[in-house]
Every structure is written in C-alpha cells, then in structure tokens.
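Here is the structure we will look at.
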C-alpha cells in the first residue's frame, strides 16, 4: 500500500508532466504559425480565352506569381504597357501549357500585357503591397 505522500508526489509529477506537454504543444503551434507566416507565398495568374485572371492581383512583397497559359495558342507576359514595354523587368513567351514565374520583391504596381494579342483581356496588373 502506498503512502499518501507517495501518491501526492506521483500526482504532482503527473501535473508537471501535463503542463510541460501542454506548454511544448503551445510553443510548437506558435513557432509553426510564425514559420508559415514567413514562407514566401505563391499566386497564379492564368491565361485562358485571351484573358489574364485574376486581374488585378494584389499580393504582399516577396510573393512569387506564376503565369500559366491554359489557352491553345501562344501568349506573352511582358512588363509595362503597349505604349511603354519594360522587357528588362520581365518578358516571357508562353506556348500552350507552359508557365513562367516572377517574384515581386518591391512594392508597387506592375502592369503587363501580351505582345501578340491586343484584346481587352490581354493586359493585367500585379499590385505589390508592403508588409
């Protein structure tokens, strides 16, 4: 038969162990949330039926935007406007089914367009917001 003090000691040990496990779980959840918040995000702009979508796309600084051509014809994703292209910033020819991506590290508004097609859906904009 155990003495009362031995039972109390084991109960106290169980309580301490339970508190440690709960504390570690809380710390783990917090650090996971922080790591998830620090991971760079990725967004996708599709090109389908001669339309970039979504347009505009608003993202935080550091986001990688993937442009995916779902059309049955070639398109470009060219920085700037028809009047003032900025091919040094980004410019890609996309065959059907191809993708390209850019990471936007500076806040600002980035216009883009398709050099090959001048329809109303063939222009787009990525708005990059500071944290």
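Throughout, read-outs are computed from the coordinates displayed, never taken from laboratory work. Computed from a predicted model, the values in this text were never measured in an experiment. Here the Cβ is made from the backbone with ideal geometry for all residues, glycine too, and neighbour counts use every protein chain on show.
Please give the FRET efficiency for residue 55 paired with residue 106, using the beta carbon to beta carbon distance and R0 = 35 Å, rounded to the nearest 0.05.
Efficiency computed from Cβ-Cβ geometry: 0.95.
Starting from the Kirkwood radius over alpha-carbon pairs of the stretch 42-129, derive D by Stokes-Einstein at 25 °C in a medium of 0.890 mPa s and give it in µm² s⁻¹.
194
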